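Structure first, commentary second.
The values are calculated or read from the model by the stated rules, or taken from the named source; none is laboratory data. Because the structure is predicted, anything quoted here is derived from the model rather than measured. Neighbour counts run over all protein chains shown; Cβ positions are idealised from the backbone, glycine included.
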Amino acid sequence: METVSGCSMSVLLFAVTMFVMGVTEVESVRIMVGGGQGWGTNVNYTTWAQDKHFYNGDWLFFVYDRNQLNVLEVNSTDYESCNSDHPLHNWTRGAGRDVVPLNVTRKYHFISGKGFCYGGAKLAVKVENPPPPPVAAPVKAGSTRPNFRGHFVVPVVFAAGALWDSLLFQLW
Ligand SMILES: *[C@@H]1O[C@H](CO)[C@@H](O)[C@H](O)[C@H]1NC(C)=O
Ligand SMILES: *[C@@H]1O[C@H](CO)[C@@H](O)[C@H](O)[C@H]1NC(C)=O
Ligand SMILES: *[C@@H]1O[C@H](CO)[C@@H](O)[C@H](O)[C@H]1NC(C)=O
Ligand SMILES: *[C@@H]1O[C@H](CO)[C@@H](O)[C@H](O)[C@H]1NC(C)=O
């Protein structure tokens with residue numbers, strides 16, 4: 001009896017988790033800064049960011065050598081001059097893997113202190129409002145809506161777990 005209810009409970013929890021993920025996170029993506037190159041001095045982040053969209057609700061994921069770089073949010077003046085003396089926010093948590101929620105539609109500026117900004121470790125992103133979710137848009141014959149998120153848009157009818165994995169694979 002206990003085994004049975006424990007099992008149903010796990011199934012239920014799994015279903016609920018999948019449902020919540022599908023509903024709340026289907027449109028948010030975690031964007032790995034610099035793609036496979038991570039956060040460092042080998043990437044021109046201006047070039048890297050220019051063909052990408054950053055939407056309110058997305059996350060930036062900074063991966064780097066924790067013994068060398070860090071992740072500081074600064075204002076535009078300090079971004080231009082690589083001044084890390086008065087960051088607006090220190091996102092460095094110590095593991096070299098920092099997640100930054102982009103939860104306001106505005107411009108964000110990030111630099112690494114310790115001299116690496118001068119070597120190119122600086123990123124500016126403009127966060128926009130996300131496009132309306134595809135499920136909310138009634139599909140009418142003869143009217144096509146541009147698909148702003150390109151291949152990141154996946155219908156919610158897909159299994160949420162598989163969807164989540166495929167999203168991550170596309171970003172990594
Ligand atoms: C950025 O902060 C510095 C130091 O606090 C300040 O001098 C500068 O005017 C600020 N720049 C902007 C654009 O707010
Ligand atoms: C940022 O925070 C980390 C972790 O708390 C700390 O080790 C580091 O000294 C801070 N860096 C700056 C520039 O404030
Ligand atoms: C955005 O996220 C930061 C860090 O988690 C939090 O401090 C801030 O209150 C959030 N802002 C909004 C508008 O949700
Ligand atoms: C990155 O490339 C842009 C042009 O796309 C250039 O203006 C900028 O100076 C470059 N940044 C670095 C750090 O080399």
For the stretch 46-63, indicate whether the set of residues that are more than 23 Å from P130 (Cβ to Cβ), in contact (Cβ under 8 Å) with a residue 12 or more places away in the chain, in a strand (DSSP E or B) and within 16 Å of ligand 1 (Cβ to nearest atom) is non-empty.
no
Checked the stretch 64-81 for anything more than 10 Å from ligand 2 (Cβ to nearest atom) and crowded, with 18+ Cβ neighbours inside 10 Å; matches are Y64, L69, V74, D78, Y79
Among the numbered criteria (1) at pLDDT below 95; (2) within 18 Å of the chain's Cα centre (by Cα); (3) among the hydroxyl-bearing types (S, T, Y), which single criterion is violated by Y55?
(1)
Condition first: touching a residue at least 40 places away in the same chain (Cβ under 8 Å) and surrounded by 14 or more Cβ atoms within 10 Å (Cβ to Cβ). Can you find one or more residues in the stretch 83-99 that meet it?
no
Which of the residues spanning the stretch 88-135 are under 14 Å from W39 (Cβ atoms), within 16 Å of ligand 1 (Cβ to nearest atom) and either basic (K, R) or assigned to a loop (DSSP other than H, G, I, E, B) (or both)?
G113, C117, K122
